[in-house]
Amino acid sequence: MKVLKFGGTSVGSPERMKAVARLISDGQRKIVVLSAMSGTTNSLVEIADYAKKRNTESAGAMVGHLRSAYKKHLPALYATDAAKKACENFFREEFISLQRLVSGDYDEATEKTILAQGEILSTHMLTFYLQELGVKVRLMPALDYMRTDADGEPMLSPIHEYWTRLLAEDTETEVFLTQGFICRNAQGEIDNLQRGGSDYTASLIGAAMHLEEIQIWTDIDGMHNNDPRFVEGTRPVRQLHFEEAAELAYFGAKILHPTCIQPARYAGVPVRLLNNMEPEAHGTLINNTMQPGVIKAVAAKDNITAIKVVSSRMLLATGFLRHIFDIFARYKTSIDMVATSEVGVSLSIDNASRLTPIVEELKKVGTVEVDQDMCIICVVGDLVRENKGFIGRITSAFADVAIRMVSYGGSNHNVSFLVRQDDKQKALQALSDALFNDNHS
Ligand code: ADP
Ligand code: ASP
Ligand code: MG
C-alpha cells in the first residue's frame, strides 16, 4: 500500500481536483493526503492576523470573500444536485463556525484552528466528488491520529495504532482520504506541522505504517538539478539518496518540506516525487542508493545572516568555540554554517529574531561583524573526498561572485557557499552551466 500526497496546486481548482480523483481511483487501496487549495492557507493566515488585532470587521469580510470563492467551485466540481447540496451544506456549517471563531476571544489555539480549515475544506470537497463518482472513499480526520508531544515532535505510535486498526477492520474502502498539515498538540488543541507540512504528514504515515512508497505529487516532474524559479534549463533528477534529498530540502528546494525525509529514511520507505500534470513522467525516486561520484543538484536558502567574531583570546585558547556556541544555544538559534581561523569564527543563522541579544553577548568576547541579506548556495551529491577535482569544478562557477564563507567536510553530500542575496541568481545559473549544462554530470 502507498500513501499519496497532493499539494495545494494539485487541488487548486475543481479541474485539478478532478484530475486527482482520476489518478487515485485506479482500484488500488491507498491513503491520500491533501493540502489546502493553493492560496487558502495564506488567506487563513491573513484572517487570523486580523482576528489577532481584534479587527473583526476585516476578518469577517475576508471569511465572506473566501466563502464566495469556495461556493463558485460547486457547479464546476459536481454534476449532481445531491453532491452540490451535500457540499453546500458542509460549506454553510464550516463558514459559520469560521465566522464565530474570528469574532470570539482570540488566543493561539484560535489561530491554529483557523489555519486548519483549508485542509478540512479540500478533503471534504474531494470526498463528495469521489462519492459522486461511486468511488469507495472514507474521510479519516487527521486530528484523530496526528499528534505532537510536549516538545512539538510528531508521534509515530498513535498513527500506527489508528491506521493498523482501521486497515484491518475496513477491507472495502479504496481511498482513505485525510488532511495534511494539521494535528493536535500535547494539550489536545488543534495545531499544525508548520507551513508546507503536508509532505510531513504523508511521510509520517508512510513511516509509521512501513508502507511500500511515499508519493509526493506536485506541479513539477520531480526534484530539478537547480531551482527552476531562478534558473533556466533545469532538469529533473531521477534518483537521490535520502541524505541528498534532506540537504536539498533543508537548503531551499521548495518541492520538499525539510522535515519530511527523516521519518521515511529511518523507516526505509522510498519517497517518489511525481507530477500530477504529467503522471507518466519518471519523477524523482529517493531511497538509500548513492550514485558514486555524481553531483546531483544545487539549492539556495535565503535570508541568512552571517556573524564574524574575531578575538585575540581565541589564539591557543581552549573552550572559545564552546562559549560562542553556548550563546547561540541559549537564544535557541541554530547555526547552519561555521568557518574558523586561528583568531576568529564566522557563523551563519537563518533565524535572526534574537540577533540583538546574541550580538550583545558576543561583543563581550571579541569584535563582532554582522552581514545581513546573505544566502547559502548548497551543492549536493556524492562529494566524498576520494572524488578528486569536484571542488575545482564547483568553485570555478564562482569566478564572478564574492564568497563570504565556505563549508565542506561536514557531510559527504554537501558543499555550501555563503554569498550576498543579490548574487544568488548569478551563482545558481553559473553552477548549472559549470556542473550540468556541459554534460559533466
Ligand atoms: P505543493 O503545493 O505541491 O506542496 P510546492 O510549491 O511546495 O508544491 O513545491 C513545488 C515547487 O517547488 C515547484 O513548483 C518549484 O517551483 C519549486 N522548487 C524549488 N526548487 C525546486 C527544485 N530543485 N526542483 C523542483 N521544484 C523546485
Ligand atoms: N496548507 C499548508 C500550507 O499552505 C500545508 C501545505 O500545503 O503543505 O502551508
Ligand atoms: Mg509544498
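The values are calculated or read from the model by the stated rules, or taken from the named source; none is laboratory data. Computed from a predicted model, the values in this text were never measured in an experiment. So basically every Cβ, Gly included, is an ideal-geometry build from the backbone, and we count neighbours across all protein chains shown. All accessible areas refer to the heavy atoms of the entire protein, side chains included, with ligands and DNA or RNA removed. Shrake-Rupley method; radii C 1.70, N 1.55, O 1.52, S 1.80 Å.
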Next item on the list: Considering each residue of segment 195-215, count those that are in a loop (DSSP other than H, G, I, E, B) and out of contact with any His (no Cβ under 8 Å at 6 or more places or on another chain), and give that number.
Entry: 4
Item checked: Qualifying residue in segment 65-83 (condition: out of contact with any Cys (no Cβ under 7 Å at 6 or more places or on another chain), open to solvent by 40 Å² or more (accessible area, probe 1.4 Å), within 16 Å of ligand 3 (Cβ to nearest atom) and at negative phi) -> no
Next item on the list: Could you tell me whether segment 222-242 includes any residue that is away from ligand 3 (no atom under 13 Å from the Cβ) and at pLDDT below 95?
Entry: yes
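If you check His224 against the conditions, is it within 11 Å of ligand 1 (Cβ to nearest atom) and at negative phi? First the steps, then the outcome.
Working: within 11 Å of ligand 1 (Cβ to nearest atom): yes; at negative phi: yes.
Here the answer is yes, as His224 does meet what is asked.
Could you tell me whether segment 408-417 includes any residue that is within 28 Å of the chain's Cα centre (by Cα), open to solvent by 70 Å² or more (accessible area, probe 1.4 Å) and of a type in the set (S, T, N, Q)?
Within segment 408-417, the subset within 28 Å of the chain's Cα centre (by Cα) is 408-417.
Now drop any that are not open to solvent by 70 Å² or more (accessible area, probe 1.4 Å), which leaves 408, 410, 412.
Now narrow it down to the ones that are of a type in the set (S, T, N, Q): 412.
There is at least one residue in segment 408-417 that is within 28 Å of the chain's Cα centre (by Cα), open to solvent by 70 Å² or more (accessible area, probe 1.4 Å) and of a type in the set (S, T, N, Q).
Restricting attention to segment 103-112, does a residue exist that is more than 16 Å from ligand 2 (Cβ to nearest atom), farther than 30 Å from Thr171 by Cβ and among the β-branched types (Val, Ile, Thr)?
First, pick out the residues of segment 103-112 that are more than 16 Å from ligand 2 (Cβ to nearest atom): 103-110.
Keeping just the survivors that are farther than 30 Å from Thr171 by Cβ gives 103-110.
Next cut, among the β-branched types (Val, Ile, Thr) only: 110.
Yes, that holds for at least one residue.
Please find, among Thr148, Thr110, the residue that is β-branched (Val, Ile, Thr) and touching a residue at least 60 places away in the same chain (Cβ under 8 Å). If you could, list the steps in order and put the result at the bottom.
Numbers: Thr148 fails: touching a residue at least 60 places away in the same chain (Cβ under 8 Å).
Unique residue meeting the criteria: Thr110.
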Next item on the list: Sort out which residues of segment 251-263 are more than 16 Å from ligand 2 (Cβ to nearest atom) and modelled with pLDDT of 95 or more, and write them in order of number.
Entry: Gln262
Note to self: Between Ile31, Ile114, which is away from ligand 3 (no atom under 16 Å from the Cβ), part of a strand (DSSP E or B) and open to solvent by less than 20 Å² (accessible area, probe 1.4 Å)?
What the structure shows: Ile31
Next item on the list: Take segment 250-277 and flag every residue that is within 13 Å of ligand 1 (Cβ to nearest atom) and either among the hydrophobic types (A, V, I, L, M, F, W, C) or over 21 Å from Ser411 (Cα atoms) (or both).
Entry: Phe251, Ala253, Lys254, Ile255, Leu256, Cys260, Leu273, Leu274, Asn275, Asn276, Met277
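Table: residues versus (1) modelled with pLDDT of 95 or more; (2) within 13 Å of ligand 2 (Cβ to nearest atom); (3) within 17 Å of His124 (Cβ to Cβ); (4) among the charged types (D, E, K, R).
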{"site": "Ser13", "(1), (2), (3), (4)": "yes, no, yes, no"}
{"site": "Arg16", "(1), (2), (3), (4)": "yes, no, yes, yes"}
{"site": "Arg22", "(1), (2), (3), (4)": "yes, no, no, yes"}
{"site": "Leu34", "(1), (2), (3), (4)": "yes, yes, yes, no"}
{"site": "Thr40", "(1), (2), (3), (4)": "yes, yes, yes, no"}
{"site": "Asp49", "(1), (2), (3), (4)": "yes, no, no, yes"}
Notebook entry, point to check: Is it the case that Leu23 is in a helix (DSSP H, G or I), closer than 30 Å to Ala207 by Cα and open to solvent by less than 60 Å² (accessible area, probe 1.4 Å)?
Noted result: yes
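Here is a yes/no grid of residues against (1) in contact with a helix residue (DSSP H, G or I) (Cβ under 6 Å, 6 or more places away or on another chain); (2) within 16 Å of ligand 3 (Cβ to nearest atom); (3) part of a helix (DSSP H, G or I); (4) open to solvent by 40 Å² or more (accessible area, probe 1.4 Å):
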| site | (1), (2), (3), (4) |
| --- | --- |
| Leu126 | yes, no, yes, no |
| Leu143 | no, no, yes, no |
| Ala150 | no, no, no, yes |
| Tyr162 | no, no, yes, no |
| Leu167 | no, no, yes, no |
| Glu172 | no, no, no, yes |
Margin query: Given the criteria touching a residue at least 24 places away in the same chain (Cβ under 8 Å), away from ligand 3 (no atom under 16 Å from the Cβ), out of contact with any Ser or Thr (no Cβ under 6 Å at 6 or more places or on another chain) and not aromatic (Phe, Trp, Tyr), does Ser25 qualify?
Written below: yes
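Tell me whether segment 336-344 contains one or more residues that are open to solvent by 70 Å² or more (accessible area, probe 1.4 Å), touching a residue at least 40 places away in the same chain (Cβ under 8 Å) and under 15 Å from Arg420 (Cα atoms). Quick ask: steps written out before the conclusion?
Of segment 336-344, the ones open to solvent by 70 Å² or more (accessible area, probe 1.4 Å) are 340, 342.
Within this subset, residues satisfying the condition of being touching a residue at least 40 places away in the same chain (Cβ under 8 Å) are none.
The answer is no; no qualifying residue exists.
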Margin query: Cβ contacts < 6 Å: first residue modelled with pLDDT of 90 or more, restricted to segment 386-403; second residue part of a helix (DSSP H, G or I) and among the small types (Gly, Ala, Ser), any location; separation 6+ or different chain. Result?
Written below: Ser396/Ala434; Ala397/Ala430; Ala397/Ala434; Val401/Ala427
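Can you find a residue in segment 412-425 that is in a loop (DSSP other than H, G, I, E, B) and touching a helix residue (DSSP H, G or I) at 6+ places or on another chain (Cβ under 9 Å)? Outline the logic, then answer.
Applying the first criterion (in a loop (DSSP other than H, G, I, E, B)) to segment 412-425 yields 412-413.
Add one more test, that the residue is touching a helix residue (DSSP H, G or I) at 6+ places or on another chain (Cβ under 9 Å), and what stays is 412-413.
Yes; the residues of segment 412-425 include at least one that is in a loop (DSSP other than H, G, I, E, B) and touching a helix residue (DSSP H, G or I) at 6+ places or on another chain (Cβ under 9 Å).
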Next item on the list: Report those strands (runs of 3 or more DSSP E) wholly inside segment 216-317 carrying at least 3 residues which are surrounded by 19 or more Cβ atoms within 10 Å (Cβ to Cβ), touching a residue at least 12 places away in the same chain (Cβ under 8 Å) and in contact with a helix residue (DSSP H, G or I) (Cβ under 7 Å, 6 or more places away or on another chain).
Entry: 295-310
